[in-house]
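A short worksheet on the structure shown next.
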Protein chains: 2
Amino acid sequence: MRIGELSRRTGVPVPTIKYYVREGLLPPGELSSPNQARYDETHERRLRLIRALLDVGGLKVAAIAEVLQAVDEPGRPVHDVLGAAANRLGPPQPDDGDDDARSEARDTVQELIARRGWRVSTDNPAATDLAHALVALDRLGHAAFAELLDDYADAAEQVARADLDYVNRRVAVEDLVETVVIGTVLGEAVFNALRRLAHVDRSAQQFGD
Amino acid sequence: MRIGELSRRTGVPVPTIKYYVREGLLPPGELSSPNQARYDETHERRLRLIRALLDVGGLKVAAIAEVLQAVDEPGRPVHDVLGAAANRLGPPQPDDGDDDARSEARDTVQELIARRGWRVSTDNPAATDLAHALVALDRLGHAAFAELLDDYADAAEQVARADLDYVNRRVAVEDLVETVVIGTVLGEAVFNALRRLAHVDRSAQQFGD
């Protein structure tokens, strides 16, 4: 199809599609004449993925470029590529100094990982993200929030189990990495929305009339 | 304290503090002379909240200004203010058209809310966010992801219960709204990091050697 048709099908304006090609997010179309390129279903699918990461996942264009690199890397062991893709999906790591609070938060996270029996390396970026969040909570006077970590971890395990069952039942091997990206970003959006709805319900019980 | 001391205590540069005052995120200090303002612990606390929302929560300055408005609104019923604060914390609502997929997603969300017995209004922004995420999943060929909604909802209820118990045990009434903001944004960061760690563990079981 021509770029106009690709734009019509996906709702993404033509100049935006050209921008994604320039930024390396979308492979260029195949030239059918010096001034015209043809696009196919792989472009349409990739474009929908980019828009979902942008609009629903809230990722920036540079982060999407990095994530798509992992999606497109061939020949690496599945578990390894899954990890690489997931690692690029976290928030940017704020520089919050290297004081006592931070080293205590790191210990808390490592203890949690050991207690849950999770097989993750100690330098996993998500472990660092978690420590950052605990430092921020501590600085805001909510160090006690760490008491909830096992409740949160129970819930996270339940969601991860459902996610991986879905991957096993529904996803062909060649779509695995793309599905991890979609599932990580859109699954977060789904869970965060559900948590906010569940908060409203609990809050209505406790504070409503 | 002077602005230099406030900067030293919080790690936020003086020009950035001045920028937050200009943007209405931080109340101005009390003028102690025509060229000098004094700041106190409420400024320090507010500054830490702004940085946590920015750095860990990934919110933009404009979104933070809106959220802080809700935090500072006096005299509204607690449940109402909690809802208003939470409603401003969602991602920006993408315009994803008004086709069949979207109306189907809205129905799915309303059915879920009814099935769970959640007391939330049908136009809650989190319900709209959830429908958006389902539309994006559908467009990427993952309509079947909706099968996981009850697993996700179970986990969300568990987390919401822990959150509200924490609020009941730990939080004074005057800190309620600020705590909801902190808990919503940093709690999402905590859960998302834990979910990514739990993924690594499940994926090691399924795909590791």
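Computed from the coordinates by the stated procedures, all read-outs in this text should not be read as laboratory data. Keep in mind it's a predicted model, so treat the numbers as computed, not measured. Neighbour counts are summed over all protein chains in view; Cβ atoms, including those assigned to glycine, are modelled from backbone coordinates with ideal geometry.
Using a cut-off of 22 Å between alpha-carbon atoms, which lysines can reach A:Lys60, once sequence neighbours fewer than 8 places away in the same chain are excluded?
Here the lysines satisfying the reach criterion relative to A:Lys60 are A:Lys18, B:Lys60.
Report the relative contact order of region A:1-56, percent, no decimals, based on alpha-carbon pairs under 8 angstrom and at least 6 residues apart.
36
Say a label goes 7 Å from Cα toward Cβ at A:Ser121 in every copy; what distances in nm does this one have to the rest, shortest first?
4.9
Report the Cα centroid-to-centroid distance between region B:173-187 and region A:168-209 in angstrom, as an integer.
21
Taking H as built 1.01 Å from N, whose amide H comes closer than 5 Å to the amide H of A:Leu26, not counting residues under 5 places away?
A:Val21
So what J values fall out for region A:55-63 if you push phi through Karplus, 6.51 cos²θ - 1.76 cosθ + 1.60 with θ = phi - 60°, rounded to Hz, Gly and Pro as x?
7, 8, x, x, 6, 8, 4, 5, 5
For region A:1-56, what does the convex hull of the Cα positions come to per residue, in cubic angstrom?
It comes to 73 Å³ per residue, whole-number rounded.
Mean-square fluctuation check for chain A, GNM, Cα pairs under 10 Å: which of A:Ala131, A:Ala105, A:Ala144 is largest?
With Cα springs under 10 Å in chain A, the top fluctuation among A:Ala131, A:Ala105, A:Ala144 is at A:Ala144.
Classify region A:91-148 as rounded, prolate or oblate from the Cα gyration tensor: take a ≥ b ≥ c as the square roots of its eigenvalues, call it rounded if a/c is under 1.5, otherwise prolate when a/b beats b/c and oblate if not.
Because a/c hits 1.5 or more and a/b fails to exceed b/c, region A:91-148 counts as oblate.
Whose amide H sits under 5 Å from the amide H of A:Arg38, counting only residues 5 or more places off or on another chain, with H placed in the peptide plane?
Here the answer is A:Glu30, A:Leu31, A:Ser32, since their amide H atoms fall under 5 Å of that of A:Arg38.
Which FRET efficiency value, to the nearest 0.05, is calculated for B:Thr122 and B:Arg45 with the Förster distance at 35 angstrom and r the Cβ-Cβ distance?
The formula returns an efficiency of 0.45 here.
Rounded, prolate or oblate: pick one for chain A, where a ≥ b ≥ c are the square roots of the eigenvalues of its C-alpha gyration tensor, a/c under 1.5 means rounded, and failing that, prolate if a/b is larger than b/c, else oblate.
Because a/c hits 1.5 or more and a/b exceeds b/c, chain A counts as prolate.
Can you name the chain A residue with its Cβ nearest the rotation axis from A to B, and give the distance in Å as a whole number?
Per the Cβ-to-axis criterion, the result reads A:Ala155, 2.
In nanometres, what is the gap between the two model label sites at A:Asp100 and B:Ala114, each 7 Å from Cα along Cα-to-Cβ?
Between A:Asp100 and B:Ala114, the simple spin-label model gives 5.6 nm.
Would you mind pulling out the separation of the Cα centroids of region A:98-130 and region B:1-55, in Å?
31
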